[in-house]
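As structure tokens, the structure follows; a few thoughts come after it.
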């Protein structure tokens with residue numbers, strides 16, 4: 001009987017409150033721009049801008065490290081495709097498998113306005129943002145961390161003097177100086193059927209074509225020694241205007 005009473009008393013006790021759910025992870029924060037702003041720009045093969053300060057390594061190294069997800073020192077075709085499709089999905093805001101209209105404008109105006117200006121886009125001073133004179137900060141489409149949301153100042157400057165009787169290089173347009181392939185607008189250049197929009201399949205096809213161009217020895221992977229230098233990298237575009 002005592003045992004039954006004890007059991008009843010135990011049953012009468014209020015149940016302990018349920019355990020609190022684990023607190024949600026804090027939202028990611030953007031890294032503050034380095035002193036002097038982001039003076040180096042690399043436009044990755046998929047069209048994502050990567051930026052760095054003047055004393056940092058050229059930001060193609062940031063892209064390579066992020067794309068080499070298994071950290072074996074090389075980018076294979078699957079990793080290269082994943083980089084493209086991750087960027088596509090970040091831009092495809094309505095999830096319909098097409099980049100068109102407002103999504104392309106979003107890319108060109110908020111993610112990589114460099115493609116419109118033909119020069120690294122200057123970091124936006126905080127007071128201008130506070131006063132609403134810009135209407136918002138630049139957006140990092142694939143996330144935060146090593147690919148900051150702001151971009152550098154500076155310009156390509158005049159073409160170098162190659163001597164009398166020798167043609168000087170034409171000034172690059174859009175983002176051509178900052179990528180491996182000379183694409184002025186690397187996202188819309190994937191529009192192979194010229195219908196004014198980019199499908200997910202077209203973007204993956206662009207990944208395969210661009211991978212093949214970088215895989216010089218045809219071994220199915222890209223190593224750092226296979227990467228060409230961008231024209232901006234060769235010309236030393238940085239904190240100084242023109243050639244560094």
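The values are calculated or read from the model by the stated rules, or taken from the named source; none is laboratory data. Because the structure is a prediction, the values reported are computed rather than measured. Here Cβ is always computed from backbone atoms with ideal geometry, including for glycine, and neighbour counts include all displayed protein chains.
Summary table below
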read-out: Flag if residue 183 is touching a strand residue (DSSP E or B) at 6+ places or on another chain (Cβ under 6 Å) and either surrounded by 16 or more Cβ atoms within 10 Å (Cβ to Cβ) or at pLDDT below 95 (or both); value: no
read-out: Residue list for the stretch 51-66, restricted to those being over 13 Å from the mean Cα position of the chain (by Cα), under 18 Å from residue 228 (Cα atoms) and surrounded by fewer than 16 Cβ atoms within 10 Å (Cβ to Cβ); value: 57
read-out: Residue match in the stretch 138-154 (condition: at pLDDT 85 or above and either touching a strand residue (DSSP E or B) at 6+ places or on another chain (Cβ under 9 Å) or part of a loop (DSSP other than H, G, I, E, B) (or both)); value: no
read-out: Criterion violated by residue 166 - all others in (1) at pLDDT below 50; (2) under 26 Å from residue 85 (Cα atoms) satisfied; value: (2)
read-out: Selected residue (criterion: surrounded by the most Cβ atoms within 10 Å (Cβ to Cβ)) from residues of the stretch 193-214 that are in a loop (DSSP other than H, G, I, E, B) and without any contact (Cβ under 8 Å) to a residue 12 or more places away in the chain; value: 195
read-out: Subset tally (residues that are touching a helix residue (DSSP H, G or I) at 6+ places or on another chain (Cβ under 7 Å), touching a residue at least 40 places away in the same chain (Cβ under 8 Å) and surrounded by fewer than 15 Cβ atoms within 10 Å (Cβ to Cβ)) for the stretch 67-84; value: 0
